[in-house]
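Structure first, then comments.
We did not get these values from a lab; they are worked out from the coordinates using the rules stated. Computed from a predicted structure; not experimentally measured. Note: ideal-geometry Cβ built from the backbone for every residue, glycine included; neighbour counts use all protein chains shown.
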Amino acid sequence: MMTAVQFAELIHCIGQAFTVDKQAEITAEINPGTLASGYLKDLRSCGVNRLSIGVQSLNDDELVLLGRLHTASEALAAFRTACRSGFDNINIDLIYGLPGQGTETWERTLNLAVSLDPGHLSLYCLSLEEPAVLARQIEAGKLPPLDPDMAAGQYELAEAMLERYGYRHYEISNWAKPGYECRHNLSCWNMDSYLGLGVAASSYLGKHRKTNVACLDEYISLVCSGAATLTETDEETGCELQLAEAVILALRLEKGVDIARFNREYGIDLLRHYHCQISELEDLELLSCKEDSLSLTPKGRLLGNEAFWRFLPEQPG
Amino acid sequence: MDQKSIRNFCIIAHIDHGKSTLADRLIELTGTLRKDKIIQQVMDSMDLERERGITIKAKAVRLGYHSGAGELFRLNLIDTPGHVDFSYEVSRTLVACEGAVLVIDATQGIQAQTLANTYIAMEHNLEVIPVINKIDLPGSEPEHVMKEIETVLGYKSSEVLLISAKTGQGVPELIEAIVHRVPPPAGRSDLPLRALIFDSHYDDYKGVIAYIRVVDGVMETGAKLRLMGQGTHMEVLELGYFAPGPTPEDRLEAGEVGYIATGLKSVKECRVGDTITLASGGARQPLIGYELPKPMVFAGIYPTQADEYADLREAIEKLNLNDASLTFEPESSPILGQGFRCGFLGLLHLDIVVERLEREFGLSLVVTVPGVKFMVTKTNGERLAVTSPVDFPEPTEIQKTEEPWVGISIVTPSGFIGALMDVMQEYEGVYKHTEYLGQITVMGEESQRVRLEYEMPLRSMLTTFYDSLKSRSRGYASLDHEFLGYREARLVKLDVLVNELKVDAFSRIIPPEKAHDTGKSVVSKLKEVIPRQLFKVPIQAAIGSRIVAREDISARRKDVLAKCYGGDITRKRKLLEKQKEGKKKMKMIGRVEVPKEAFLEIMKLG
């Protein structure tokens, strides 16, 4: 866990190496269970101006299931402390689709979260990779299996509720009040360049997707020896693949694909280029093709993968 | 070599009782091959055979032996297929022998195929030497098995040898017994040439290799020959024996066993069971009547990807060069595309062919539910042979239907009789007879064994029967069957509709009483195995236009990557690429995507 002092040093170094915009979004991710008193205030004074709190659930049984170290009341307390420490731009992460969760407990968690009035909410459906221990328990029959239909219902419930409370569903898993959209994630979905620093960090620069070495010891020794590069993987995406990625990422956003802008940037006629996929997806009612934009329908948001894989180019060989 | 010093024999046994190990041991002990050169089970030269523990192709090995009395003998060992699917090949091999070593596992006793093989050997008047094997194992009960052999087969205990093929114990005594008890071959070298083909094999370089037993006359290199049954003419390009590798020789005299390279293009031109004689001045009477092996089990074989049809055709033709009993005809299906309707000697034969096509030729295949050949007499008097459910006539046109029946022999510890009788009833078996065998220890307790005799339609045996038998008897039951003939039957065609589209590949012919149950199980299995689509899919089973069972597969509602951020775009994209690749492997039934495994699962239903 980074201390406030380390945060300050980091921000200072970045300021020395780059020109930092005065309105820059500077986010810290925190876990509600491990906050020392005064920590959040110190973070704020370093210049951190946005917090992302890994709440995951406001139901104590579910938190135990997820193996989290905090309770619901600790999470609520953390949020209030954040507000008192001067944070105005706060995101809450929540998980649905938990085995045996049901719509009622989900609705209760959502209500509690919304009552805090956060600027941003990220809602994720449980996938079995995260807590691997859950996957094992399900396999052993100790927990009921995941129910995708239940998860679909929970998603739709969240959509309806959050709309009522003034949140804009701007990306498949993300909701925000106007002006509180997560800017660093938006730049990823908009295919903007970004630089990753540190162990295993990823970057997107000059059409190359890179990641740094994942092993801490190796990273440190490379830095100390003044190595020219810290890159472990480097993929140059060809034109077709780049276009596909751009479309897939743009479709995750509510505003969808801006057809005119794409045509200009990639020098193509998007509607003609993806003519087959678009008409197939329209027949399946997953895609809505308007004059100036392509976007997923509400049904399409739930079945997004069916739209995404169709835009991928053919694999060679 | 003096004809009187030749002994031609084979080894017969129930599966896994030690036939191949004994063959290895005989080869080693007669010095034919040094121990370090014996790759376990020399005589099973195909990987597939070794994996399944069965021999598909018969081979012959010449063993040289110096007896205790100092005489030199030539022992020709012919290895036989042990499975009932290939009973035709087994019986041809036996005709080439004068003796048979009957191997019985000391831990298992007489099993179903022990009996079947013994009866065939007796029918051919072979000198049988019973041998109890695996006496080295902790669970072996030679006294019990000895008693069983006396009571059931009628041999005296003094005639029975005890051996361990694995350690070699008792095997030298067995070789002496073969020399003393098996008679030398009859037949005369001065008579016109007659040689029996007891097996054949296609070689890319030499053409068809025929395995022969010279009965009368002399076979020489360069001889011009004629097949008495088929009429094929051929020349002896190469002549020799196996020791155990092929060893060329100029002549083989009466009583000898060996091979000839014929240069022929396919084993169909040089069929097992036929008699070879000289092209001019040959013999008058063939050795035995030979008949074409009849396929009993039929199935459609299709490529998973339509564009691999040509590859499949080429592969089947290649396989056919070496497998004369495989029959095939082009066939097409609206759902599966272009394929072949193939005829097999039995289920094992089908499994072997499909596995070889997939493994040796790298093909991805869909195989329809296996079926039998029905004889249907129509109201207009026409009599049809129907090998595919699609060709089954409409009920209104049918006057009479006949289907093949088989006689079933099950050997089991008596504790499982109840369970097995239930199984037989489920599979439409008709009880005939119970025979009492000996005692054996089963799960720590002494148990009486019996042989149950039943008759049943071959149709019932084709899907889950064998597995049910094995599981209800905890693996202790053994099975043998033989074709009895055609009998009249009342049958209907059950169709399966996926999203209202009839799928020929799933149709089957069943008795009307089973319509509801079979319909229900096929439909629920399909519901389990077909993935949810983006729309609701009804699955129905029908007889004609009457629906007998129905299930619905609800539409999928959720399939989306929840998180997709900078760090893991590449990884998430690869997941999507995998999803896309997966779609290619699906078979389409109309708009419904079905994985290939679904077809295989349906086949497993009774």
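For region A:4-187, taking the reciprocal of the average inverse distance between every pair of different Cα atoms yields a Kirkwood hydrodynamic radius of 17.6 Å. Inter-label distance, residue A:218 to residue A:272: 4.7 nm, where each label sits 7 Å from its Cα along the C-beta direction. On the basis of the beta-carbon distance and an R0 of 51 Å, residue B:425 and residue A:29 show a calculated FRET efficiency of 0.15.
Using only alpha-carbon positions in region B:231-303, the gyration tensor eigenvalues give semi-axes of 28, 19, 13 Å once each is multiplied by 5 and square-rooted (largest first). Return, ordered by residue number, the residues of region A:1-25 whose backbone nitrogen is under 11 Å from a label point located 7 Å along Cα→Cβ of residue A:195. Under 11 Å, as judged by backbone N against the label point of residue A:195, lie A:14-20 of region A:1-25.
Counted over all Cα-Cα pairs of the protein assembly as shown, pairs farther apart than 50 Å make up 44 percent.
Helix content alone sets the calculated 222 nm mean residue ellipticity of chain A: runs of n ≥ 4 DSSP H residues at -39500 (n - 2.57) each, divided across all residues, give -13000 deg cm²/dmol.
In units of the rule-of-thumb radius 2.2 N^0.38 Å, region B:461-604 shows an alpha carbon radius of gyration of 1.40.
Its Cα centre serving as origin, chain A has a Cβ charge dipole (Lys and Arg +1, Asp and Glu -1) of approximately 960 debye.
Give the average over all directions of the projected area of the C-alpha convex hull of region B:141-231, one decimal, in nm². Don't skip to the answer; put the middle values down first.
Details: hull surface 42.5 nm².
Taking the Cα atoms of region B:141-231, their convex hull projects to 10.6 nm² on average.
Quick check on region A:121-256: take the gyration tensor over C-alpha atoms, sort the square-rooted eigenvalues as a ≥ b ≥ c, and tell me if it's rounded (a/c under 1.5), prolate or oblate.
Values: a/c = 2.23, a/b = 1.37, b/c = 1.64.
Oblate.
Let me test this: with uniform point scatterers at the alpha carbons of region B:80-161, what is the Debye-based log₁₀ I(q)/I(0) at q = 0.26 1/Å? Debye intensities relative to I(0), on a log10 scale: -1.28. Each principal axis of region B:297-368 carries a Cα extent, and these read 28, 22, 16 Å when sorted largest first.
Amide hydrogen proximity for residue B:296: with H placed 1.01 Å from N in the peptide plane, the residues at 5 or more positions away or on another chain lying under 5 Å are B:344, B:345, B:346.
With contributions of -39500 (n - 2.57) from each DSSP H run of at least four residues, the per-residue ellipticity at 222 nm computed over chain B stands at -7000 deg cm²/dmol.
Considering only the other residues whose Cβ falls under 13 Å of the Cβ of residue A:296, what net charge follows from Lys and Arg at +1 and Asp and Glu at -1?
Numbers: positive: A:252, A:255, A:290, A:299, A:301, A:310; negative: A:159, A:171, A:254, A:282, A:285, A:306, B:559.
Neighbour charge sum, excluding residue A:296 itself: -1.
Using only Cα atoms, what is the ratio of the radius of gyration of region A:190-236 to 2.2 N^0.38 Å? Mind showing how you got there, number by number?
Values: Rg = 11.0 Å, N = 47, 2.2 N^0.38 = 9.5 Å.
Relative to the 2.2 N^0.38 Å estimate, region A:190-236 comes out at 1.16.
Note on A:300-313: average number of Cβ atoms from other chains within 10 Å of each residue's Cβ is 5. From the C-alpha coordinates alone, can you work out the Kirkwood hydrodynamic radius of chain A, in Å? Taking every pair of different Cα atoms in chain A, averaging 1/r and inverting gives 22.0 Å.
Remark: B:468, B:157 ranked as B:157, B:468, counting other beta-carbon atoms within 10 Å and listing the fewest first. Histogrammed with a bin width of 5 Å, the alpha carbon distances of region B:383-456 distribute as 3, 13, 19, 15, 11, 11, 8, 7, 6, 4, 3, 0 percent, first bin at zero. Is the C-alpha gyration tensor of region B:194-278 telling us rounded, prolate or oblate? Criteria: a/c under 1.5 is rounded; beyond that, a/b larger than b/c is prolate, otherwise oblate. In terms of gyration-tensor shape, rounded. Between amide H atoms placed 1.01 Å from N, distances below 5 Å from residue B:189 occur with B:217, B:254, all of them 5 or more places distant or on a separate chain.
Annotation for region B:356-418 versus region B:319-338: alpha-carbon center distance of 16 Å. In this structure, the amide hydrogen of residue B:8, modeled 1.01 Å from its nitrogen in the peptide plane, lies closer than 5 angstrom to those of B:76, B:98, B:99, counting only residues at least 5 positions away or on a different chain. Take every pair of alpha-carbon atoms less than 8 Å apart whose residues are at least six positions apart; their mean separation over the length of region B:297-368 yields a relative contact order of 47 percent. In this structure, the residue pairs whose Cα-Cα separation is over 27 Å, taken from B:268/B:470; B:432/B:470; B:525/B:563; B:224/B:268, are B:268/B:470; B:525/B:563. In order along region A:137-142, phi translates into HN-Hα couplings of 5, 5, 4, 7, x, 7 Hz, rounded to whole numbers, per the Karplus curve 6.51 cos²θ - 1.76 cosθ + 1.60 with θ = phi - 60° and x for Gly and Pro. Here the 3J(HN,Hα) profile of region A:159-175, calculated from phi with Karplus coefficients 6.51, -1.76 and 1.60 at θ = phi - 60°, is 4, 5, 5, 5, 5, 4, 8, x, 8, 9, 7, 8, 9, 2, 10, 10, 10 Hz, Gly and Pro shown as x. Compactness of chain B was expressed as the Cα radius of gyration divided by 2.2 N^0.38 Å, which yields 1.09. Pull out a ≥ b ≥ c, the square roots of the eigenvalues of the alpha-carbon gyration tensor of region B:450-540, then state rounded if a/c is under 1.5, prolate if not and a/b is larger than b/c, and oblate in the remaining case. Oblate. So what's the angle, to the nearest 10 degrees on a 0 to 90 scale, between helix B:515-529 and the longest Cα principal axis of chain B? Result, in degrees: 80. What the Cβ-Cβ distance of residue B:95 and residue A:241 gives, at R0 = 60 Å and to the nearest 0.05, is a FRET efficiency of 0.35. Mind checking which lysines have their C-alpha under 22 Å from residue A:41, skipping anything on the same chain fewer than 8 residues away? Result set, ordered by chain and number: A:22.
A convex hull fitted around the alpha carbon atoms of region B:172-217 yields 118 Å³ per residue. Summing Cβ point charges (Lys, Arg +1; Asp, Glu -1) relative to the Cα centre of the protein assembly as shown gives a dipole of roughly 760 debye. Derived scalar couplings between HN and Hα for region B:552-560 equal 10, 9, 5, 6, 6, 10, 9, 6, 8 Hz in order, rounded to whole Hz, by the Karplus curve 6.51 cos²θ - 1.76 cosθ + 1.60 (θ = phi - 60°), x for Gly and Pro.
Candidate cross-link partners of residue B:147 among the aspartates and glutamates, defined by an alpha-carbon separation under 13 Å and a same-chain spacing of 8 or more, comprise B:159. Alpha-carbon geometry of region B:306-437: the Rg and the Dmax are 19.3, 56 Å, given in that order.
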